[in-house]
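Chemist: Quick one: structure below, then a few questions.
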Amino acid sequence: MDDNSALNIFPKTRIKPYDGMAVTSDVWAQAHEEHRKARQAHDVVFHRPGIITGLEVQANDPPDRYVFISPGVAVDSAGNVIVLTEPVAYDFGSNADGLLYLVLGHGEREAGGVDKDVKQVHAEFVVAARSSLPKRPVVELARVQLKSAGQAIKNPENLAHPALGELDFRFRVDAGPQAQRQVYVGLANFGREVDDVAAGWRFLSAEAARVSPYRLILDTGVSLSGDISAYDFLYLSAKGTFKVEDAAVKALQAFIGQKKVLFAESLDEDAGKSFAALFEKLGRKLSPLAATAALLESPFLFAAPPPGAQDGSLQVGKQVVFSSAGYSLAWAGKLPFESRTRADIRSAHEWGLNLVQYCLSAGTS
């Protein structure tokens, strides 16, 4: 804790009952306020204020002055629990510029109480954009620096280095224990099947469960003729020349139409040529990874993509990652003999976790 102000939330007194005690409205309120303060103090001191779950912020597509906040739960610095049960659209307006803080606050209102009816206190939330953080307890959802009143608000291309006009999530604070996120991954194969690919993903899944917030749920042998919409991202591997039927191409187009990512990997030169033809059908142009790409920085820092099981490179496009380095084989320890050390395998696994995180975020950025 940075200061002791939260300790003042703990109740210092409690009602001591006795037979025949008159339970007036004041006594009732005091007794329940004790429990309320104790819960608020627990939430702040034991779990710290911040975002418990959800409350992701997304810019509109195409970008304008609207952002969308997903349902979720937060706790402010006074211990108030704030709940959004439905998505919220927020308009920054056409006149605001400069540094703006998008915050979520707690509110209450009384209802009922006509004649002798019981009054009720309803918990509410307030979403606002302010030029400075207010003194009242709030939870920051995002901030954005606008150079002009008409500038559109966009999602950040690089979460660690948001540009002007891009949402900045670096100051969001998470609260409470973080449950692992289940990530549903579909593994599809073209051409000749390579057993070590699935083995590599199983080893990566075990490492993810040990050191990351992701729990990978893997489906092998996925057919593109079936329903693939439930997967968080798809991994396509191939060895040898292959051709994708028109129905499968349409299925992949629909998948990336859901703003999800295809992670493709060629295990030989012939497969690389076939993947190039597939990307052309999907309307995706690929380019080398930029030196400042988020993929190199989170959750593990790399100066460049590490070596895989074979000589190759990595390219990215809109909702597409393409590798010819055989990373799935490296995750199974199938590295060149001179590189088959524990450090090299660990590096491959860490790079794999970067790839997983990128595939989960690149579709919505």
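Chemist: Rounded to the nearest 0.05, what FRET efficiency is calculated for L164 and R215 with R0 set to 41 Å and r the Cβ-Cβ distance?
Modeler: Between L164 and R215 the formula returns 0.65.
Chemist: One quarter of the convex hull surface, Cα atoms only: what value does that give for segment 242-335 in nm²?
Modeler: For segment 242-335, averaging the hull's shadow over all directions gives 6.6 nm².
Chemist: One quarter of the convex hull surface, Cα atoms only: what value does that give for segment 281-365 in nm²? Before the final figure, lay out the partial values.
Modeler: Numbers: hull surface 23.1 nm².
The number I arrive at for segment 281-365 is 5.8 nm².
Chemist: Taking amide H positions as placed 1.01 Å from N in the peptide plane, with prolines and chain starts having none, which residues 5 or more places from A142, or on another chain, fall under 5 Å of its amide H?
Modeler: Amide H neighbours of A142, under 5 Å, 5+ apart: L102.
Chemist: Hey, what's the per residue convex hull volume over the C-alpha atoms of segment 181-362, in cubic angstrom?
Modeler: So the per-residue hull volume is 104 Å³.
Chemist: How large is ³J(HN,Hα) for each residue in segment 52-58, as worked out from phi by the Karplus curve 6.51 cos²θ - 1.76 cosθ + 1.60 (θ = phi - 60°), to whole Hz, x for Gly and Pro?
Modeler: These are the phi-based 3J(HN,Hα) values: 7, 7, x, 6, 5, 10, 10 Hz.
Chemist: Just grab the label-to-label distance for Y184 and R136, each label 7 Å out from Cα along the Cβ direction, in nm (one decimal).
Modeler: Label-label distance for Y184 and R136, simple model: 4.0 nm.
Chemist: May I pose another question? Going by C-beta contacts inside 10 Å, put Y231, Y66 in order with the fewest on the left. Show your work: numbers first, answer last.
Modeler: Details: Y231 20, Y66 15.
Exposure proxy ranking, most exposed first: Y66, Y231.
Chemist: Also: Which percent, nearest 5, of DSSP beta bridges in the chain are antiparallel?
Modeler: So the antiparallel bridges in the chain amount to around 65 percent.
Chemist: Still on this structure, please answer the following. Taking only C-alpha pairs under 8 Å that are 6+ residues apart, what is the relative contact order of the chain in percent?
Modeler: Across the chain, relative contact order equals 12 percent.
Chemist: How do D270, D311 rank when sorted from fewest to most other Cβ atoms within 10 Å of their own Cβ?
Modeler: D311, D270
Chemist: Still on this structure: Within 10 Å of each candidate Cβ there may be at most 12 other Cβ atoms; applying that plus a DSSP loop requirement, which trypsin sites (Lys or Arg not before Pro) in segment 106-195 survive?
Modeler: When the trypsin sites (Lys or Arg not before Pro) of segment 106-195 are filtered for loop state and at most 12 Cβ neighbours within 10 Å, K116, K135, K147, R170 remain.
Chemist: Taking segment 127-170 on its own, what percent of its Cα-Cα pair distances exceed 14 Å?
Modeler: The proportion of pairs with Cα distances above 14 Å equals 52 percent.
Chemist: So if I restrict to the alpha-carbon atoms in the chain, what is the Rg, and what is Dmax, the biggest pairwise distance, in Å?
Modeler: Gyration radius and largest Cα-Cα distance of the chain: 25.9, 89 Å.
Chemist: Follow-up question, since we're still on this one. Quick one: dipole size for the chain, taken about the Cα centre, charges +1 on Lys/Arg Cβ and -1 on Asp/Glu Cβ, in debye to the nearest 20.
Modeler: The calculated dipole for the chain is roughly 320 debye.
Chemist: If you rank K285, K12 by fewest surrounding Cβ atoms within 10 Å, what's the result?
Modeler: By the 10 Å Cβ count, ascending, the order reads K12, K285.
Chemist: Could you tell me the extents of segment 12-76's C-alpha atoms along the three principal axes, largest first, rounded to whole Å?
Modeler: Ordered largest first, segment 12-76 gives principal extents of 67, 25, 14 Å.
Chemist: Past 31 Å, Cα to Cα: identify those pairs from K239/K259; K273/K318; K154/K243; K239/K285; K12/K119; K154/K250, in the order given.
Modeler: Numbers: K239/K259 27 Å; K273/K318 19 Å; K154/K243 37 Å; K239/K285 22 Å; K12/K119 27 Å; K154/K250 29 Å.
From K239/K259; K273/K318; K154/K243; K239/K285; K12/K119; K154/K250, over 31 Å: K154/K243.
Bear in mind that the values in this text are calculations on the coordinates, not laboratory data. Since we're looking at a predicted model, the values are computed, not measured. Here Cβ is always computed from backbone atoms with ideal geometry, including for glycine, and neighbour counts include all displayed protein chains.
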